Each structure stands twice: as structure tokens, then as C-alpha cells.
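Taking it in order: structure first as C-alpha cells, then the write-up.
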Amino acid sequence: MKWTVLWKPDSEGDLADLWVDSDEKPAITAAANRIDVQLRRDPLNTGESREVEQDRVYFDPPLGVLFTVDELDRKVFVERVWRIPSDEQDEN
């Protein structure tokens, strides 16, 4: 069963800003699409948990996202998105 992925307005705006300001538009678009697909499939086993119980982070270079999962409603909320610096991408 699939999950519904919802990008919070701030994260949508940040993603748009990252895309506009980037010289790697295709890479950002592809990563955002892969993130959507992965979170729709299996958000509970995607990424790593954080201190706050429902917070998780996931990295798909060149992007990282912070997301929360509402298991009851089967919804995933992308709270934040950021660009991973290229030196960190090389380590993954």
C-alpha cells in the first residue's frame, strides 16, 4: 500500500529556490523525484531516525530531507529540504 507524500510549503519553496539557484537542475529534479518515490513506497524504513520520535532524515544527493510520518493516516510530510555540499556527497 502506498503512502501520500506532502511537501510542506516551506520545503516546496526551499526546493524551488535550490533549483533556481543551481547549475545542477537535472540532478536536483531527479533527486526530488527519487525521494518522492522512496517515501511513497516505504517511509518507515527510509533514512535515519532523529531525536524527535517521528522525525527522520534521508539523503539522495544532492539533496537531504527531514520528514515525519503519520502512520495512522499513511501520510509523509517533508518538513525541510537542503542541498548537500559536494564534499559530503563524495563521502556517501
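Details
- Leading residue by the ranking (nearest to W7 (Cα to Cα)) among those in region 61-86 that are more than 9 Å from the chain's Cα centre (by Cα) and aliphatic (A, V, I, L, M): V76
- Residue match in region 68-85 (condition: surrounded by 14 or more Cβ atoms within 10 Å (Cβ to Cβ) and either small (G, A, S) or assigned to a helix (DSSP H, G or I) (or both)): no
- Count - residues of region 35-58 that are part of a helix (DSSP H, G or I) and closer than 18 Å to E79 by Cβ: 7
- Per the listing I28, I35, the residue uniquely buried (at least 19 other Cβ atoms within 10 Å of the Cβ), under 8 Å from the mean Cα position of the chain (by Cα) and either touching a residue at least 24 places away in the same chain (Cβ under 8 Å) or farther than 18 Å from S86 by Cβ (or both) is I35.
- Near pairs, Cβ below 8 angstrom, 6+ apart or cross-chain, from region 8-23 (under 11 Å from W82 (Cβ atoms)) to any residue that is surrounded by 12 or more Cβ atoms within 10 Å (Cβ to Cβ) and charged (D, E, K, R): S11/E79; S11/R80; D14/R80; L18/R83
- Count - residues of region 1-16 that are assigned to a loop (DSSP other than H, G, I, E, B) and either surrounded by 18 or more Cβ atoms within 10 Å (Cβ to Cβ) or hydrophobic (A, V, I, L, M, F, W, C) (or both): 2
- Region 47-60, residues that are buried (at least 19 other Cβ atoms within 10 Å of the Cβ) and more than 8 Å from the chain's Cα centre (by Cα): G47, R56
- Output for region 22-77, where each listed residue is in contact with a Leu (Cβ under 7 Å, 6 or more places away or on another chain) and aliphatic (A, V, I, L, M): I28, A31, A32, I35, V57, V69, V76
Every number in this text was worked out from the coordinates using simple rules, so none of it is lab data. If you're wondering where the values come from, they're calculated on a predicted model, not measured in any experiment. Every residue, glycine as well, gets a Cβ built from its backbone with ideal geometry; the counts of neighbours run over all protein chains shown.
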